[in-house]
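Data first, discussion second: the structure below is written as structure tokens.
Since every read-out is calculated from the coordinates, none of them should be taken as a lab result. All of these numbers come straight from a predicted model, not from anything done at the bench. Virtual Cβ from ideal backbone geometry, glycine too; neighbours counted across all protein chains shown.
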Amino acid sequence: MHAIPRKISVIAAAAAAALTLTAVALAVGRAAAPQNTSLPSISGSARDGSTLDASKGGWANSPTSYSYQWQRCDSSGGGCQPIAGGATGTRYTVTTADVGQRLKVAVTATNTSGSGSATSRPTDVVKATGSAPANTSPPTISGTFKETSTLSVDPGGWTGSPSPTFTYQWQRCDATGGACVDLTGASATTYTAVTADVGNTLRVKVTAINSHGSTLATTQETALIAPAKTGGGNAISITQVSLPNRLIIDNLHFTPNPLRSRSAFVARFHVSDTRGFSIQGALVYAIGLPYSWTANAPEATTDGTGWASITMQPTSTMPLNHGNALVIFVRARKPGDDLLAGVSTRRLVQVGIRP
């Protein structure tokens, strides 16, 4: 009579035990996902170009795999965002974009029961490496400083890490090296001088650039750009002529020619220098030979085209015989120079006599 209640008690106890085991199993299943026990960490120097390594930290519940995501944060370690472009390994190379920021790495541990994540503390603020460009020897221009000639610029000596690249800007300056202006489109290492450059100087602005900044260095101005043909272009001042350049009497004209009487005549002389410039302000002196055939005439000054005009008066001793010629000694000099030194020049010319 008492066997049935006892049997019911046994069944009830077994059911309760089964429910307890199920609860334990569920609890064990919920606790089986990976749990972080010590934060991930980052080793290496937080400097542009350096390599950082991530340590996964400590984990419970036997993770079977780990994934990584590097993050860029602000300078206080907040506002972190995933770094695009595959920054998902245990190693990360710091870039220039990271300079002034801090870095973190987030680690996700996974097993069959789930996953857990933890993030490292931030690195120090990332510092720049290398240095901005610095000029150690000035850039220079080489070539013939003459119209139609091609000139070249050498960037000079530079330091800087990483090694800098260069940009160039040619400029035209006045004869004294001032009032420089950029030449449109002249940004290569070579430049061909044009007519507008004649009588002026040229220089080049060289800019060295790397990831840390840019630095400008400028060449010295060239010598005056000479005309392609002697006597071409506008005349330059005699003050701009100095040794080793010298004066040249390169052209002349007599009115009348030939001489047909002992009336005064005009002798015109053109003065240039050995570079080919017409010269303004040179002093020109002329006297007939023999000395008794003409009266002395004062020195004349060359004008803005390089010409000087001297009125010469033959004397009564100059013969008017057919076949004779009046020889004229001509000298051009720089004011203040010794008559026989400096940049002065001398020449003998003649004009025919035809009565």
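Could you pull out the pairs from K146/K334; K205/K334; K127/K205 whose alpha carbons sit more than 25 Å apart here?
K205/K334; K127/K205
If you place +1 on the Cβ of every Lys and Arg, -1 on the Cβ of every Asp and Glu, and leave all else neutral, what size is the dipole of the chain about its Cα centre, to the nearest 20 Debye?
For this selection, approximately 640 debye.
Please work out the C-alpha center-to-center distance from the stretch 43-65 to the stretch 135-194 and express it in whole Å.
That distance is 51 Å.
Identify, among N210, F329, Y285, the residue whose Cα sits farthest towards the positive end of the charge dipole of the chain, taking +1 on the Cβ of Lys and Arg and -1 on the Cβ of Asp and Glu, with the dipole about the Cα centre.
N210
GNM on the chain, C-alpha springs below 10 Å: top fluctuator among T192, T345, T255?
Its mean-square fluctuation being the largest, the pick is T255.
Hey, how many Å between the Cα centroid of the stretch 319-336 and the Cα centroid of the stretch 72-131?
Comparing the Cα centres of the stretch 319-336 and the stretch 72-131, I get a distance of 92 Å.
Using 1/(1 + (r/R0)^6) with R0 = 22 angstrom and r between the beta carbons of T195 and T239, what's the FRET efficiency to the nearest 0.05?
With a Förster radius of 22 Å, E is 0.45.
Hey, what number do you get for the chain at 222 nm if only DSSP H runs of n ≥ 4 count, each worth -39500 (n - 2.57), divided across all residues, to the nearest 500?
-3000 deg cm²/dmol
Taking 0.36 nm per intervening residue step and subtracting the Cα-Cα distance, what contour gain separates T110 from T315 on full extension?
Here the segment from T110 to T315 would lengthen by 61.7 nm.
Once you keep just the Cα pairs under 8 angstrom separated by 6 or more residues, what percentage relative contact order results for the stretch 190-325?
21
Could you tell me the relative contact order of the chain? Use alpha-carbon pairs under 8 Å, at least six residues apart, and round to a whole percent.
With pairs under 8 Å counted, the relative contact order is 10 percent.
Using unit Cβ charges (K, R positive; D, E negative) and no other charged atoms, how large, in debye to the nearest 20, is the dipole of the stretch 35-119 about its Cα centre?
Its charge dipole is roughly 60 debye.
Just order 216-226, 133-143 by mean Cβ neighbour count inside 10 Å, highest at the front, would you?
Order by mean packing, descending: 216-226, 133-143.
Which loop trypsin sites (Lys or Arg not before Pro) in the stretch 172-260, with loop taken from DSSP, have no more than 13 other Cβ atoms within 10 angstrom of their Cβ?
The qualifying sites are K229, R260.
Between I209 and S65, take the C-beta separation as r, use R0 = 35 Å, and let me know the FRET efficiency to the nearest 0.05.
E(calc), rounded to 0.05, equals 0.20.
Classify the stretch 279-321 as rounded, prolate or oblate from the Cα gyration tensor: take a ≥ b ≥ c as the square roots of its eigenvalues, call it rounded if a/c is under 1.5, otherwise prolate when a/b beats b/c and oblate if not.
Taking the square roots of the gyration eigenvalues as a ≥ b ≥ c, the stretch 279-321 is prolate.
Among I238, I287, which comes first, then next, by fewest other beta-carbon atoms within 10 Å?
I287, I238
Sort H253, H270, H212 so the one with the fewest other Cβ atoms within 10 Å of its own Cβ comes first.
Lowest count first: H253, H212, H270.
So for each of 119-130, 100-111 I average, over its residues, the number of other beta carbons within 10 Å; can you give me the resulting order with the highest mean first?
In decreasing order of mean packing, 119-130, 100-111 become 100-111, 119-130.
For the stretch 35-119, how big is Rg over Rh, using alpha carbon atoms and the Kirkwood form of Rh?
0.99
From Cα coordinates alone, what are the radius of gyration and Dmax values for the chain in angstrom?
46.5, 182
By how many degrees, between 0 and 90 and to the nearest 10, does the Cα long axis of helix 3-30 differ from the longest principal axis of the chain?
Helix 3-30 and the main axis of the chain meet at about 10 degrees.
State whether the stretch 232-352 is rounded, prolate or oblate according to the following rule on the C-alpha gyration tensor (a ≥ b ≥ c being the square roots of its eigenvalues): a/c under 1.5 gives rounded; otherwise a/b larger than b/c gives prolate, and the remaining case gives oblate.
Taking the square roots of the gyration eigenvalues as a ≥ b ≥ c, the stretch 232-352 is prolate.
Quick check on the stretch 131-218: take the gyration tensor over C-alpha atoms, sort the square-rooted eigenvalues as a ≥ b ≥ c, and tell me if it's rounded (a/c under 1.5), prolate or oblate.
Note, shape of the stretch 131-218 comes out prolate.
For the stretch 180-235, what does the relative contact order come out to in percent, with C-alpha contacts under 8 Å and a separation of six or more?
So the answer I get is 36 percent.
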